[in-house]
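Only the coordinates and a few stated rules stand behind these numbers; no lab work does. The structure displayed is predicted, hence computed values, not measured ones.
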Amino acid sequence: MTRADVAFRLAFPAGHIWPFIDWLGAERLVGEGVLKRVTFDPRASRVGAVRIFEYTDSPRVIPERLETLNERDRHYTYRMLDTADLPFTDYVGEVRLTPAGPGACCVRFGCTFTPVDATAEDCVRLYVEAEKKLCESLRRAAARGRGSL
């Protein structure tokens, strides 16, 4: 099993950023560069809920199931139910948001997975690049204040 983590400091308070990255928040990032569409079944932030990502640069469709949720601590874990053509299996992801003073916060994306027909290093590189793109989408949406739908 391989672990990958990446963290970013954002020049926004944690309370401003959380609505973009909580379980339902991904839909606020649609149209910001990475995500083409997000659907939910059901549309709820509860363990067992499923969300499905469609990406702008890939025909890949990825369903994820919410495994754990702690709204107070701004943290959750999820499991990919279908990894499509990605070079790994047994993927469990994690999102954690931590305040960094009154006007900033740090977001950490992490995961564990088992590489398939690829090296762990190649999979980690793929993951880090994807999360960098997601963070840029997050920064753009936060700057525009798209926190409410």
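Over segment 2-144, Cα pairs under 8 Å with separation of 6+ residues give a relative contact order of 29 percent. In terms of its C-alpha gyration tensor, segment 12-75 comes out oblate, because a/c is 1.5 or above while a/b does not outweigh b/c. Checking the a/c ratio against 1.5 first, then a/b against b/c, what shape does the Cα gyration tensor give for segment 29-149? Cα axes put segment 29-149 in the rounded bin.
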